[in-house]
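The numbers here are math on the coordinates, done by the rules we state, and not lab data. This structure is a prediction, so every number in the text was calculated from the model and none was measured. Quick reminder, even Gly has a Cβ in these numbers, built from the backbone with ideal geometry, and neighbours come from all protein chains shown.
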Amino acid sequence: QVQLVESGGGLVQAGDSLRLSCAASGRAISSYAMGWFRQAPGKEREFVATISLSGGNTAYADSVKGRFTISRDNAKNTMYLQMNSLKPEDTAVYYCAADRSAVSWATKQFGSWGQGTQVTVSS
């Protein structure tokens, strides 16, 4: 089973940037599709971005398209989420996810999850 640990969250102002990292251990992420999800207070967890095993395919929620970029470095066993032009509505706990299914990046179905990192964007 792969273990996932998110980092890089924090408190920023609207318009700022943050880069989240998801460090994996226990398994090589080269065998896993991966993704980022988020959950705001009082709301259900929602899809943010996903990436295929090789990184050749990505998907983004409409709300973050053009502002966020998902990437992975299989050699470092780490996935990233570069978040630019942050908005107050991006405030949430961000979760890293992984799955051995090669199509998880498209189905948004993941079996392994991290504990989350808080991102707070002030106006």
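How big is the charge dipole of the chain about its Cα centre, in debye rounded to the nearest 20, if each Lys and Arg gets +1 on its Cβ and each Asp and Glu gets -1 on its Cβ?
Details: 12 positive and 9 negative charges, 42 e Å.
The dipole of the chain has a size of about 200 debye.
Among the lysines, which fall within straight-line cross-link reach of Lys87, defined as a Cα-Cα distance under 20 Å, with same-chain neighbours fewer than 8 residues apart omitted?
Cross-link targets: Lys43, Lys65.
When the convex hull of the C-alpha atoms of the chain is computed, what volume per residue in Å³ does it have? Please report the intermediate quantities before stating the final value.
Values: hull volume 11.0 nm³, N = 123.
Here the figure is 90 Å³ per residue.
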